[in-house]
Amino acid sequence: MRAGIYVGNDTVIHFTRLPLKEDDGVVSSSLDSFLAGGNLYRCEYAVSPAFLVVKRGGTCTVAVSDPDDVVVHRAEYLLENGFGCYNLFKNNCENFAIYCKTGLVVVDRATVGQSGQKVSAMYAATWGTLLLGHSSASLYVVAQICEGAAIVAGGVAATAIGVLGAISIPVFGVGAYCVGRYLSDISKGNVEKVPVEDLKNWRQA
């Protein structure tokens, strides 16, 4: 999913990787060209934490958007002056759009950029691996339950513990994903509001 800023007149300003340039991937495209046959979605700002954690990464944020004229000014300024080097994890199209909308940038340059899509993918991959790693144990618990009539009292207790373990792993995984999704939102990170005219010098400081 690509993110950009619609500035009117059927025009979208967005940040992308350009093969012939290293530090200036901010481009202006027609809306149809930007969508490239895909569907148009509007990212929502100032949503509640409960709404945030159940939505797909990159579709909403708790952060509050600035007025439209400020957002458009940032996008047009960056079109002329660039947004730095494109990086899939730390400086991508979603980071560009969020900055244009909020003026917020991550203070810790070493951290992964506050991209909801990437953060969601990272958490999903982590907990997906954990859950798959316990799939054989879960199958074993199910088999034990099916043979419940032949299990003695001690076995029942062991099976009960096994069932709790099998249930707690995915529950914990989902809970951890939700917490991570919330804490990784741009509004919760170590961020600073930087005027677009100062952004380049701020990054080099």
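Along the range 64-69, what does the Karplus equation 6.51 cos²θ - 1.76 cosθ + 1.60 (θ = phi - 60°) give for ³J(HN,Hα), rounded to whole Hz, x for Gly and Pro?
9, 7, 7, x, 4, 5
Taking the alpha-carbon centroid of each part, what is the distance from the range 25-94 to the range 1-20 in angstrom?
A separation of 9 Å, based on Cα centres.
Taking amide hydrogens as modeled 1.01 Å from N in the peptide plane, which residues meet the under 5 Å criterion relative to T16, leaving out close sequence neighbours?
Correct list: G25, V26, V27.
Are there chymotrypsin sites (Phe, Trp or Tyr not before Pro) in the range 23-80 that DSSP puts in a loop and that have at most 15 other Cβ atoms within 10 Å, and which ones?
Y41
Summing Lys, Arg as +1 and Asp, Glu as -1, what charge do residues with Cβ under 13 Å from the Cβ of G8 carry, G8 excluded? Spell out each step's value before the answer.
On the way: positive: none; negative: D10, D68, D69, E76.
Within the 13 Å Cβ shell, the charges total -4.
Using the Karplus curve 6.51 cos²θ - 1.76 cosθ + 1.60 with θ = phi - 60°, what ³J(HN,Hα) values do you get for each residue of the range 31-41, in whole Hz, with x for Gly and Pro?
The phi angles translate into 4, 5, 5, 5, 6, 6, x, x, 8, 9, 10 Hz.
Pull out the extension gain between A50 and S30, defined as 0.36 nm times the separation in residues minus the alpha carbon to alpha carbon distance; nm, one decimal.
Numbers: separation 20, 0.36 × 20 = 7.20 nm, distance 3.45 nm.
Full extension of this stretch gives 3.7 nm more.
Can you give the local net charge around L35? Use residues other than it whose beta-carbon is closer than 12 angstrom to its beta-carbon, Lys and Arg +1, Asp and Glu -1. If you can, show how the numbers build up before the last one.
Details: positive: R2; negative: D10, D32.
Once all neighbours under 12 Å are counted, the net charge is -1.
Using 1/(1 + (r/R0)^6) with R0 = 22 angstrom and r between the beta carbons of N81 and N9, what's the FRET efficiency to the nearest 0.05? Let's see the in-between values first.
Numbers: r = 21 Å, r/R0 = 0.95.
Efficiency for this residue pair is about 0.60.
Within the range 1-92, report the GluC sites (Glu not before Pro) that DSSP leaves as loop and that have at most 14 other Cβ atoms within 10 Å. Don't skip to the answer; put the middle values down first.
Numbers: sites: E22, E44, E76, E80; in loops: E22.
Answer by residue number: E22.
Any read-out appearing in this document is the output of simple, stated calculations on the displayed coordinates, not a laboratory observation. Computed from a predicted model, the values in this text were never measured in an experiment. In this analysis, Cβ positions are derived from the backbone assuming ideal geometry, glycine residues included, and neighbour counts consider all displayed protein chains.
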